[in-house]
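The values are calculated or read from the model by the stated rules, or taken from the named source; none is laboratory data. As the structure is a computational prediction, the values presented were derived from the model and not from experiment. Here the Cβ positions follow ideal geometry from the backbone for every residue, glycine too, while neighbour counts run over all protein chains shown.
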Amino acid sequence: MKGMSRIVKTVTNFVYGFIIIFGFYIIVHGHLTPGGGFQGGAVAGSAFALLLVSYGSLNSKKFLKDDIFSLFENFGLTLFIILGFSGLGITFFYNFLANSGGWFGDAALIGVNPGDMNTGGVIPLMNIAVGLEVLSAFGVIVLTMARGAEFTKKKEKS
Amino acid sequence: MSLSNHIPILIIAIPLLAAFLVPLVSRINKQATGILTTLALGVSLILTIVLTAKILSVGPQVYVFGATSSSLTLPSGLKFPIRIMLEVDAMSIFMGIITAVVSFLGAIYSLSFIKKYDGVDKYYSLLLLLTVGMFGMEFTGDIFNFFVFLEIASIASVALISFRGIDFGEPAEAGFKYMVVSSISALMVLFAVGIFYGQYDLLNFAAIASVIKYSQLDKIALGLLIPVLAMKAGAVPMHMWTPDAYSEAPAPITMILVAASQASLYALFRVVFSLYNISLNALTIGWIIIIFGLLSMFIGVTMAIVQKDIKRLMAYHAVSQTGYMLLGVGVGLAVLANPEALKDYGITAMEGGIFHIMNHAMYKGLLFLTAGALFFRTGTRDLNKMGGLAHYMKYTTIFFIIGAAAIAGLPPFNGFASKLLIYESVYRFNPLLSIIAMVVSILTLASFVKVFHSAFLGPKLPQFKDVKETPRSMVFAMAVLSCIIVFFGLFPDLIVKNLVHPAVISLIEQLQYTGTVLGGM
Amino acid sequence: MKKIIFGIAFIIFFSFLVVSAINMRTFGEPTLSEMDDYFIENAQSETGANNVVTSIVFDYRGFDTLGEATVLFTAVVGVVALFRGVKK
Amino acid sequence: MIGNLAYVAVVIFIGLGIYSLMFKKNLIKIAIGIVLIENGVNLFLITLGYRKGAVAPIYTQSPSGQAMVLPTPQALTLTSIVIGIATTALILSIAMIIYKHYGTLDTDQVRRLKG
């Protein structure tokens, strides 16, 4: 599909950075505030959809390369399953970092508390892995379907 | 060794890890993806066999995710489980073996079958994900987890059915039909999960089974689950997707799809036997399943005889063979209430039905692989265009004869073993049913003689003169399947006694299933 | 003729759903909620995360989320496999 | 009856989805029907998890002293929403390919596999 008017392009150039940052905020604070890997990834994924719509699928090849997305997606997923495997000493999805004092290991104060980033054990790492995966999955799906729509517009009888 | 009690999750996690790595590996070199896939499925096949030995000796295995120990089902004095757990008893590992064997041979077969198409790494990734979906459906003990893995298997099989969609229109249409059917069935399973969660606030099969009161809502949940899972398994009233999906998918994928639809058949038995066992009036539900079975048998065969596309013909036979399984287990369910009838012929009927699941997966897989071999060499699936192929493709002809004889239930092959069990037990339950089953078996033989005559016999046709035998990897896969068929056919009681019988007992005794979770170990 | 069969099937299906909606417990008062109360009380101490829903999604029911990410990955591979011929 | 009016509304929503799935002729309308059922069942799961006068189950700066809503349906719905995205993406791409090969989206013409 063709790109949109100059105004939309300039606004998109300005706005899409903030959308991605907001998406990362939701991903990283998944274990404290409402949100998490999936929601944050979806918000950041919408920034790619915005870029695609405003610049059109024909000339968005320059900056929306889908092999980088699929690379990120595979990396996010392999990180996620390695986190699952790493608890294998005890059981598959064992939260080995919780309350262990190390990374993200502090114990959360019970009851209502202002929220301390360094808690949650494996959960923040999984949030980041899933957020990365969902973010790049949306990128790839939106890009491929936009190009596919372009490709299937021509009606051939086969 | 600490890893020995992690086997159930390793069977699922290793192909999953391989599925994620295949796109990365394919960036390095293309051939490695096939080898990685075959390796991963080989490892999970070996682990499945080790787990079978463990289960048959020790008893059902439970694997709890994220708990401090892999068998801690009830944390710190609670009366109900809160984490997801894999519960592998004799019946689920029986289905696990079928999935492992079929997907391993499918991967070997497609090493050379799929070279013609591009996007080979995506094909292998989807094949691994389909296998993971089936393993997950069979091993999980959590109803929501069953929905998630049912969805993985559906989406992977839809993507594989419409894999050739870029240059042909029909695979896309078949994929669309299958997608609509599996979406509806997955969502109604989710609705039933909502009903169970709303009432009992539990998500574990065994926990719900121990607390179920068969209220009005539970009847509705059962009324939703049975038609929906039967639809996924390809039983008659909703079997329209089966011929299209099986004929348009690549041959090794069709073989795995047969095992995938049997995984949802297993889910149907699991829901009926382990969730509702004593509390439902078994006679009516048994008769409903028997009627599903009869319809599937009869309509499947009558539609198959008129077909001229070899894979559509075999697909309709798959529908009719599913009818046998439903008949066998339906009779077992119908007599669940009175113990002496159960002892007398109910258990043998169920043994016949469940043994038929494995036999069917083997010989139907072999038949689809031979059809794939014909398509691989001649490029067509239309029986009228084929002819005289026996001259060129000797091995495929032998494999086809073995497969056709097995499906028709001729004595030395495994089809006969399970059908005999079904005939004799169903006869004592109700003679008419067993007569219909025999008539259907004869019609099956008739249609396969027709296929054999038009595809293999006859003069050498000019356009097939450069046809050679299929490559080694395809011949190997078909050879292994026919050895299994012949072995099961010659020693059926060996398989029935120590593999099928424990599976039937684990289905019938609900307490054994709930005991492993709620009774600790 | 096909329309009538579809119509009857739709009516039966829909009546199943409506009866189950009517018989379900009243909205807002869960009769049984021990599993959820256990999560609300123990999520903070066991997983250390303030957000109970995220601790369920990633720790208590982490295997669901792994299946979940696999579903999304399957969809992406499926869509890319379907449009692999597109050169643009 | 008044107590579970919410469920009846959700079930009517699902019924609309099933209606448009069964009786509509256009492939895209069938895809919309599936999305409707998907959202309807998710809504059903969420309405099961509500507790009257309760607050979201998050401990960061939440008003203390109030009961908390059931967290499990929210976790289940999170999963089934992403499954909904996956099925919708796949169904729409298949519809696109059917449109390329058949030139039409009407289910009566998209009928090459018969018998």
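Answer yes or no as to whether residue A:111 is among the small types (Gly, Ala, Ser), in contact with a helix residue (DSSP H, G or I) (Cβ under 6 Å, 6 or more places away or on another chain) and either closer than 19 Å to residue C:57 by Cα or free of Cβ contacts under 8 Å to residues at least 40 places away in the same chain (or both).
Spelling it out, it is not the case that residue A:111 is among the small types (Gly, Ala, Ser), in contact with a helix residue (DSSP H, G or I) (Cβ under 6 Å, 6 or more places away or on another chain) and either closer than 19 Å to residue C:57 by Cα or free of Cβ contacts under 8 Å to residues at least 40 places away in the same chain (or both).
Select from region A:99-158 the residues that are assigned to a helix (DSSP H, G or I) and aromatic (Phe, Trp, Tyr) and write down the one among them that is farthest from residue A:42 (Cα to Cα).
A:151
Would you point out the residue of region A:112-158, among those that are among the small types (Gly, Ala, Ser) and at the interface with another protein chain (Cβ under 7 Å from one of its Cβ atoms), that is farthest from residue D:100 (Cα to Cα)?
Going through the qualifying residues, I end up with A:115.
Of the conditions (1) under 30 Å from residue B:336 (Cα atoms); (2) at pLDDT below 85, residue B:421 satisfies every one except a single condition; which number is it?
Just one mismatch for residue B:421, condition (2).
Considering only residues that are charged (D, E, K, R) and in a loop (DSSP other than H, G, I, E, B), which ones fall in region B:155-182?
B:167, the sole residue that qualifies.
Do you know which residues across region B:16-32 are within 14 Å of another protein chain (Cβ to nearest Cβ), touching a helix residue (DSSP H, G or I) at 6+ places or on another chain (Cβ under 8 Å) and either surrounded by fewer than 24 Cβ atoms within 10 Å (Cβ to Cβ) or not in a helix (DSSP H, G or I) (or both)?
Listed by number, the residues that qualify are B:17, B:21, B:23, B:24, B:25, B:26, B:30.
Among the residues of region A:71-107, how many are of a type in the set (A, V, I, L, M, F, W, C) and modelled with pLDDT of 80 or more?
Matching residues across region A:71-107 total 10.
If we scan region D:27-49, do we find a residue that is surrounded by fewer than 18 Cβ atoms within 10 Å (Cβ to Cβ) and either hydroxyl-bearing (Ser, Thr, Tyr) or not in a helix (DSSP H, G or I) (or both)?
No, because not a single residue in region D:27-49 is surrounded by fewer than 18 Cβ atoms within 10 Å (Cβ to Cβ) and either hydroxyl-bearing (Ser, Thr, Tyr) or not in a helix (DSSP H, G or I) (or both).
On the given criteria, is residue B:279 modelled with pLDDT under 85, among the small types (Gly, Ala, Ser) and under 17 Å from residue B:229 (Cβ atoms)?
No, not satisfied.
Just to be sure, is residue D:83 crowded, with 24+ Cβ neighbours inside 10 Å and closer than 22 Å to residue C:59 by Cβ?
Yes; evaluated as a whole, the condition is true for this residue.
Looking only at residues in region B:212-260 that are polar (S, T, N, Q) and surrounded by 24 or more Cβ atoms within 10 Å (Cβ to Cβ), which one is nearest to residue B:106 (Cα to Cα)?
Residue satisfying both the conditions and the ranking: B:254.
Residues in region B:249-279 that are assigned to a helix (DSSP H, G or I) and touching a Phe, Trp or Tyr at 6+ places or on another chain (Cβ under 8 Å): how many?
Looking only at that region, the number is 11.
Condition (residue is at the interface with chain C (Cβ under 9 Å from one of its Cβ atoms), in a loop (DSSP other than H, G, I, E, B) and among the hydrophobic types (A, V, I, L, M, F, W, C)) applied to region D:56-64: is it met by at least one residue?
Yes.
List the pairs whose first member sits in region A:121-132 and is on the phi > 0 side of the Ramachandran plot, whose second member is of a type in the set (S, T, N, Q) and assigned to a helix (DSSP H, G or I), and whose Cβ atoms are under 9 Å apart, counting only residues at least 6 apart or on separate chains?
Between residues of region A:121-132 that are on the phi > 0 side of the Ramachandran plot and residues that are of a type in the set (S, T, N, Q) and assigned to a helix (DSSP H, G or I), the close pairs are A:121/C:47.
In region B:169-180, which residues are more than 7 Å from chain D (Cβ to nearest Cβ) and surrounded by fewer than 24 Cβ atoms within 10 Å (Cβ to Cβ)?
Scanning region B:169-180 gives a single hit, B:177.
Being within 8 Å of chain C (Cβ to nearest Cβ) and surrounded by fewer than 23 Cβ atoms within 10 Å (Cβ to Cβ): is that true of residue A:58 here?
Spelling it out, residue A:58 is indeed within 8 Å of chain C (Cβ to nearest Cβ) and surrounded by fewer than 23 Cβ atoms within 10 Å (Cβ to Cβ).
Identify, by number, the condition in (1) facing chain C (nearest Cβ under 9 Å); (2) out of contact with any Gly (no Cβ under 8 Å at 6 or more places or on another chain) that residue D:94 doesn't meet.
So the condition that residue D:94 fails would be (2).
Which one of B:310, B:354 is under 18 Å from residue B:423 (Cβ atoms), aliphatic (A, V, I, L, M) and in contact (Cβ under 8 Å) with a residue 40 or more places away in the chain?
After ruling out the rest, the residue left standing is B:354.
Taking into account only those residues within region A:74-107 that are at the interface with another protein chain (Cβ under 7 Å from one of its Cβ atoms) and touching a His at 6+ places or on another chain (Cβ under 9 Å), which is surrounded by the most Cβ atoms within 10 Å (Cβ to Cβ)?
The extreme case among them is A:92.
Tell me, which residue of region B:212-235 that is in contact (Cβ under 8 Å) with a residue 60 or more places away in the chain and among the aliphatic types (A, V, I, L, M) is farthest from the other protein chains (Cβ to nearest Cβ)?
Checked region B:212-235; the qualifying residue farthest from the other protein chains (Cβ to nearest Cβ) is B:233.
May I ask you to list the residues in region A:32-50 that are more than 30 Å from residue D:71 (Cα to Cα) and surrounded by 23 or more Cβ atoms within 10 Å (Cβ to Cβ)?
Passing the criteria: only A:48.
Tell me, please, whether a residue that is of a type in the set (Gly, Ala, Ser), crowded, with 23+ Cβ neighbours inside 10 Å and in contact (Cβ under 8 Å) with a residue 24 or more places away in the chain can be found in region D:95-110.
no
Given the criteria surrounded by 24 or more Cβ atoms within 10 Å (Cβ to Cβ), out of contact with any strand residue (DSSP E or B) (no Cβ under 9 Å at 6 or more places or on another chain) and closer than 22 Å to residue B:9 by Cα, does residue B:137 qualify?
Taking the combined requirement at face value, the residue satisfies it.
Would you check which residues across region B:186-211 are more than 19 Å from residue C:21 (Cβ to Cβ) and more than 12 Å from chain C (Cβ to nearest Cβ) and list them?
Matches in region B:186-211: B:205, B:206, B:209, B:210.
Name the single residue that is surrounded by the fewest Cβ atoms within 10 Å (Cβ to Cβ) among those in region B:194-211 being among the aliphatic types (A, V, I, L, M) and out of contact with any Ser or Thr (no Cβ under 7 Å at 6 or more places or on another chain).
So the residue we want is B:211.
Collect the residues in region B:451-472 that are of a type outside the set (A, V, I, L, M, F, W, C), surrounded by 13 or more Cβ atoms within 10 Å (Cβ to Cβ) and in a helix (DSSP H, G or I), keeping them in residue-number order.
Answer for region B:451-472, where residues must be of a type outside the set (A, V, I, L, M, F, W, C), surrounded by 13 or more Cβ atoms within 10 Å (Cβ to Cβ) and in a helix (DSSP H, G or I): just B:454.
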